[in-house]
Amino acid sequence: MRLTIKIGSNVLTRQDGSLDVTRMSALVDQIAELRGQGHEIILVSSGAVASGRGELKHIQHDLDSVDQRQLFSAVGQAKLINRYFELFREYGIAVGQVLTTKENFQDNEHRKNQENCMRVMLENGVLPIVNENDTVSITELMFTDNDELSGLIAQMTHSQALIILSNIDGIYTGNPTEPGAQLISIVKPGKDLSDYIQKSKSSAGRGGMQSKSSVAFAAAAAGISVIIANGKRENILVKLMNDRDNTPCTEFLI
Ligand code: GLU
């Protein structure tokens, strides 16, 4: 299977904002295992801004939000890709960095060029690691979040499935911290989830369950099954691919 896997900022950062290299390493182990099982993987990884912020804690003076995003992502993306590069290298897996913007999906020529880049990487066994180019993206033209980006990448690469890893098991019937809330394991096309979805979003990234579900419906309508799962659960990716019925997650059926 060709899989697009999206890892959210909250999965990759510790509470103090620093990069959780132990978690990254565990996810890399799992991705290497899935490749060994014959799956082709495209990774969409957030965490640039969060890890840059963790790295530049000493910066005191006030920066506006654009300056912050540009500065933190410039530093954090270098750190993030460096870690991935070294971790995958231990498995003999070559990775390549793809930084993109919304405009690259709107303009036909850029789109084709990007599609070609993904194709040539996959054909040569190179694992693409995609993120928004937060250093140059213009606020009004940004992706809503990397959930949106991952849906577009899954479609561009003709992935059969998109796995969105967050710090929660999936979509619940109520506030997951309150008793009685149940995990919704299957979502059929056209199901109305509006009663269940919390408007609040994660602290580290830009996304939230609302954006995840609208991305999931759109991808499922395009023939890609979408799974939302908890990236902090042990061996989650391997379990999702090999024992999904016994693994907590929300799956959007095609
Ligand atoms: N591109 C942002 C980053 O790497 C993440 C955007 C999001 O939170 O989805 O920090």
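The values are calculated or read from the model by the stated rules, or taken from the named source; none is laboratory data. Note that this is a predicted model, so its numbers are computed, not measured. Note: ideal-geometry Cβ built from the backbone for every residue, glycine included; neighbour counts use all protein chains shown. SASA here: full protein model, heavy atoms, side chains in, ligands and nucleic acids out. Shrake-Rupley method; radii C 1.70, N 1.55, O 1.52, S 1.80 Å.
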Do any helices (runs of 4 or more DSSP H) entirely within the stretch 1-112 hold 1 or more residues that are among the polar types (S, T, N, Q) and open to solvent by less than 30 Å² (accessible area, probe 1.4 Å), and if so, which? 9-12, 21-36, 48-55, 65-89
Somewhere in the stretch 131-148, is a residue away from the ligand (no atom under 15 Å from the Cβ), modelled with pLDDT of 95 or more and not small (Gly, Ala, Ser)? no
Residue satisfying condition, being at pLDDT below 95 and either open to solvent by less than 20 Å² (accessible area, probe 1.4 Å) or in contact with a Phe, Trp or Tyr (Cβ under 9 Å, 6 or more places away or on another chain) (or both), within set 190, 180, 231, 151: 190
Taking the condition free of Cβ contacts under 8 Å to residues at least 24 places away in the same chain, away from the ligand (no atom under 16 Å from the Cβ) and of a type in the set (Val, Ile, Thr), does residue 31 pass? no
Among the numbered criteria (1) within 16 Å of the ligand (Cβ to nearest atom); (2) part of a loop (DSSP other than H, G, I, E, B); (3) touching a residue at least 60 places away in the same chain (Cβ under 8 Å), which single criterion is violated by residue 158? (1)
If residue 165 meets every condition in (1) within 16 Å of the ligand (Cβ to nearest atom); (2) open to solvent by 10 Å² or more (accessible area, probe 1.4 Å); (3) not polar (S, T, N, Q) apart from one, which number is that one? (2)
Looking only at the stretch 55-89, count every residue that is more than 16 Å from the ligand (Cβ to nearest atom) and touching a residue at least 60 places away in the same chain (Cβ under 8 Å) and tell me the total. 2
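Table: residues versus (1) modelled with pLDDT of 95 or more; (2) of a type outside the set (Asp, Glu); (3) surrounded by 16 or more Cβ atoms within 10 Å (Cβ to Cβ).
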position	(1), (2), (3)
198	no, yes, no
204	no, yes, yes
207	no, yes, yes
211	no, yes, yes
217	yes, yes, yes
220	yes, yes, yes
226	yes, yes, yes
236	yes, yes, yes
In the stretch 216-240, residues that are in contact with a strand residue (DSSP E or B) (Cβ under 9 Å, 6 or more places away or on another chain), free of Cβ contacts under 8 Å to residues at least 40 places away in the same chain and among the small types (Gly, Ala, Ser) total 1
Does residue 38 fit the bill of being within 21 Å of residue 165 (Cα to Cα) and either of a type in the set (Asp, Glu) or near the ligand (Cβ under 10 Å from one of its atoms) (or both)? no
Has the stretch 113-128 got any residue that is touching a residue at least 12 places away in the same chain (Cβ under 8 Å), open to solvent by less than 50 Å² (accessible area, probe 1.4 Å) and under 21 Å from residue 230 (Cα atoms)? no
Test each condition in (1) within 25 Å of residue 46 (Cα to Cα); (2) in a helix (DSSP H, G or I); (3) open to solvent by 50 Å² or more (accessible area, probe 1.4 Å) for residue 245 and report the one that comes out false. (1)
Qualifying positions in the stretch 12-28 - within 11 Å of the ligand (Cβ to nearest atom) and among the β-branched types (Val, Ile, Thr): 13
